């Protein structure tokens, strides 16, 4: 079973995404800021995909992405989630990410992206 | 921040399909919004929510109607069976009924939210109704857990693009945490008015778009619910056109002279007088000038079309022929237990349908009786009057004064004389051992007029206006006139056994 890491500080969002992705057969772990997200990446089971919010306290989304790409997590696909437009996020992020979801997105879009980037065996 | 239509973050409208409600809501609910629909038992919540569900399903959407009540769905559908919107073919493919009673009882709010999420995701539902919110909120959850539940529902609704309606019979609105959190609050009410009951809907809160504030009447019929948006809230949006300077004959040559050429086009005239003084006869004269170029409409509350045609015949006027030729339309309404906005809409529809230019409303008393709360008639009438002016309609409106003879003329609603452009007064005067009818003009928009009193008679060849009275004539026995409005809350007298005029 693949694991998805959800990093989002908005109350209710990690819980909902966990519910939805569990229904799709994924294991889900969550964090509410980038620093906590980096800690989760180091734990078992190691996530195969990160759903990453842009604006968060302590360490924001671009900061966590930078740490991932400069560190040991270069190959883990990242999906950015933000109410900003994609160009602004790509400009601020400096590093590549695999997909973008503009908030508020549809859950069906999220499920499609997760299935594509982290297909079930 | 403003959002234009091309902005992908702009929330889409989800129309309710309930006639009139989408006008009140500025297009419908917003996709992803959570709304409370509140009303006491019998107020119409369940019918409203089901009507919205069936409409949603008919447009290709999927709806889920969940209840936390110990009531079977079969019984619910049986109660709806007489309503024409019920189309059982969409059940269960596009509209599904589920009971969440057991989940709530056994697992609390966590079990309820998980059931709703699961069912909505499984069916890709875009409209969710939770019937029995009172049972949820009265199940003694802490404020924190109730807030958490509503928040989780909001997050889910937003990301699923699903409209959520929470139906509650709870009349309390103060200090309920969920009321501050939800995107909108609709209240259904059933108010007493002069011995009958009037259903009303009010939107107290609606985030993200403008809506029509205030109370709007609604009916439940075999078609379901129909809401009548308050016309005065809608009509001011109509842009005002230029005021024409032309005149329209009132249908009596000597009166046209008194008016210096007739009534100003696109103006509103009120004819005030006691019962039998000649108001309807004057209106029939006004309509006798209707033609293909100037279509006429009689919108009345007391005389039926057949009686009006007979009354006109007694005046030597061929109203029946004008109706047959399509120059005049007669519309009659009972003044009792009507919805003012329904009447107003029918009036405006009739004006639009035939491009009416001559409108006689007989009389204002009928509108007052249909008004519900009495304090809104003057605002309603001002809106109708403005709309008629903007459409180039010349309106003659009759209003009954309470006093048959005497110095005081009582108008049926306060402030009406300030709303109308022109005011014509009919009165009885006792002199030389008999009653005399007098006519005078008190006000004429932007124009001088003959201010002298005249006696008039109603004959078998119409109204005959006599020469102006001179000093020492019967007028010196006519006391000075004082115009007063009837008390706002007094019931308006019903006219009975009316004679022509």
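Checking each residue in region A:66-115 for being in contact with a strand residue (DSSP E or B) (Cβ under 9 Å, 6 or more places away or on another chain), surrounded by fewer than 16 Cβ atoms within 10 Å (Cβ to Cβ) and closer than 24 Å to residue B:125 by Cβ picks out only A:109. Note on region B:107-146: residues that are within 13 Å of chain A (Cβ to nearest Cβ), touching a residue at least 24 places away in the same chain (Cβ under 8 Å) and within 21 Å of residue A:106 (Cα to Cα) amount to 11.
Every condition in (1) part of a strand (DSSP E or B); (2) more than 23 Å from residue B:313 (Cα to Cα); (3) touching a helix residue (DSSP H, G or I) at 6+ places or on another chain (Cβ under 9 Å) is met by residue B:452 except one, and the failing one is (1).
Does region B:105-117 contain at least one residue that is within 40 Å of the chain's Cα centre (by Cα) and modelled with pLDDT of 90 or more?
For region B:105-117, residues within 40 Å of the chain's Cα centre (by Cα) and modelled with pLDDT of 90 or more: present.
Where strands (runs of 3 or more DSSP E) fall entirely within region A:1-94, those with at least 1 residues that are on the phi < 0 side of the Ramachandran plot and within 13 Å of another protein chain (Cβ to nearest Cβ) are at A:3-7, A:49-53, A:78-82. Please specify each residue of region B:150-168 satisfying the condition of being more than 7 Å from chain A (Cβ to nearest Cβ) and surrounded by fewer than 21 Cβ atoms within 10 Å (Cβ to Cβ). Across region B:150-168, the qualifying residue is only B:154.
Only a single item in (1) farther than 17 Å from residue A:113 by Cβ; (2) surrounded by 15 or more Cβ atoms within 10 Å (Cβ to Cβ) is not met by residue A:11, and it is number (2).
Against the list (1) in contact with a helix residue (DSSP H, G or I) (Cβ under 9 Å, 6 or more places away or on another chain); (2) at pLDDT below 95, the condition residue A:91 fails is (1). Among the residues of region B:43-58, not a single one is buried (at least 21 other Cβ atoms within 10 Å of the Cβ), within 14 Å of chain A (Cβ to nearest Cβ) and touching a helix residue (DSSP H, G or I) at 6+ places or on another chain (Cβ under 8 Å). Of the residues B:290, B:266, B:310, which is more than 30 Å from the chain's Cα centre (by Cα) and over 21 Å from residue B:425 (Cβ atoms)? Sole residue among the options that is more than 30 Å from the chain's Cα centre (by Cα) and over 21 Å from residue B:425 (Cβ atoms): B:310. Would you mind stating whether residue B:96 is assigned to a strand (DSSP E or B), away from chain A (no Cβ under 14 Å) and more than 24 Å from residue B:188 (Cβ to Cβ)? It is true that residue B:96 is assigned to a strand (DSSP E or B), away from chain A (no Cβ under 14 Å) and more than 24 Å from residue B:188 (Cβ to Cβ).
The values are calculated or read from the model by the stated rules, or taken from the named source; none is laboratory data. Being a predicted model, the structure only gives us computed values, none of them experimental. Because the Cβ atoms are built from the backbone with ideal geometry, glycine has one as well, and the counts that use them run over all protein chains shown.
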